[in-house]
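First up is the structure itself, then whatever we jot down about it.
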Amino acid sequence: MDLELRHLRILLAISEAGSLTRAAAALFLSQPAMTTQLRRIEASFGQPLFERSACGVAPTRAGELVLAHARTAVASADRIRSYRLSPVDGAEPVTVGGSSGPILSHLTLHLPAAVTNPVTFVQFSSTGAAMSGVEDRSVDAGCMVDLDGFGVTPPEGVVVDVIGLEPVVVILPAGHPRARQDRVDLADLADETWLLPPHDLGCDDYGALADACAPAGFAPRMSPHRIGDLSILCDLVAQGVGVALAQGSARAREGVAMRRLTGDPLIGRHLLALHRDSPLFGARPLLLDLVRAAFEARCVTPSS
């Protein structure tokens, strides 16, 4: 792994907080994501940078050395970033849209500081709606999620970059017998009722689920409810209405458990879509850097 500025910021946050939990909260990350990031960073150095104990974490001798250099590097980078980038294709306002996920929230925090253009953000209810917004230029860029192999073909004039892949998880009632397992076989869910989001022209959720269930020897029984809001989905699952799917980076609510499926048969794709005529198209490298940073910090890769 190539060490990047965001990795140094993670180390500094851990050192300052003295706890992975507090550092994760300060950086708006989940604790599992923070733990994964620290494990990868330490692996790149070939040795532990922090000692873990019941009281928290403290830098090792190697960690102290790395932290000293990290403070200098981050301070220099912050001084450089204080000079705002040139406006993109003039100073006209730009709009960025997206469907639910960690990428849009990250851009909301960081993109306005990177360009002098006024930036407006809008959330779409589905991947298809977000893609249509990019196509008709009602938004200048769109970040969205679909299911690998069951997404929409990019419209003419729209360039789509795959930012990263993450496994889809199943949402189970906390008391479900399979909730005690780290991984769940789809075959063990053959008798369940499935809750899916509303029909999405940008992603065939039912087709993807049916395709994944076929090798397990069953066709999924669908609930008549079509719910896209994760909080409502979790409430229904907790009440025993059915089971559901979610992005691997989603955070479980009270009363439910989120578990990866054996073999990861369903993979989510995080996407960035730009129209070639958008004033943000020239800033594509900048946008890619920002969304990739968000993905790496918040999402679980299929191999994790």
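The values are calculated or read from the model by the stated rules, or taken from the named source; none is laboratory data. Only a predicted model underlies this, so the values are computations on that prediction, with no experimental measurement involved. So basically every Cβ, Gly included, is an ideal-geometry build from the backbone, and we count neighbours across all protein chains shown.
A few remarks follow.
- Residues satisfying the stated conditions in the stretch 117-170, i.e. β-branched (Val, Ile, Thr) and part of a loop (DSSP other than H, G, I, E, B): Val139, Val152, Thr153
- Subset of the stretch 1-36 [basic (Lys, Arg) and in contact with a Leu (Cβ under 8 Å, 6 or more places away or on another chain)]: Arg9
- When we screen Val241, Val291, Val237, Val256 for residues that are closer than 23 Å to His106 by Cα, surrounded by 16 or more Cβ atoms within 10 Å (Cβ to Cβ) and outside the structural domain of Thr35 (by TED's automatic domain parsing), the only hit is Val291.
- Any hit, the stretch 240-254, residues being part of a helix (DSSP H, G or I) and not hydrophobic (A, V, I, L, M, F, W, C): no
- Flag for Phe28 being among the aromatic types (Phe, Trp, Tyr) and at pLDDT 90 or above: no
- Screening the candidates Leu165, Leu189 for the property of being under 18 Å from Leu266 (Cα atoms) and touching a Ser or Thr at 6+ places or on another chain (Cβ under 7 Å) yields one hit, Leu165.
- Yes/no for Asp200 being among the acidic types (Asp, Glu), touching a helix residue (DSSP H, G or I) at 6+ places or on another chain (Cβ under 6 Å) and crowded, with 16+ Cβ neighbours inside 10 Å: yes
- Residue in the stretch 262-271 that is part of a loop (DSSP other than H, G, I, E, B), at pLDDT below 90 and not charged (D, E, K, R) present: no
- Pick from the stretch 188-206, criterion part of a loop (DSSP other than H, G, I, E, B) and charged (D, E, K, R), ranking: farthest from Ser231 (Cα to Cα): Asp191
Residues are listed down the side, and each one gets a yes or a no for (1) over 19 Å from the mean Cα position of the chain (by Cα); (2) of a type in the set (Asp, Glu); (3) within 26 Å of Glu166 (Cα to Cα):
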{"site": "Ala17", "(1), (2), (3)": "yes, no, no"}
{"site": "Leu29", "(1), (2), (3)": "no, no, yes"}
{"site": "Pro32", "(1), (2), (3)": "no, no, yes"}
{"site": "Leu38", "(1), (2), (3)": "no, no, yes"}
{"site": "Ser44", "(1), (2), (3)": "yes, no, yes"}
{"site": "Ala58", "(1), (2), (3)": "yes, no, no"}
{"site": "Leu65", "(1), (2), (3)": "yes, no, no"}
{"site": "His69", "(1), (2), (3)": "yes, no, no"}
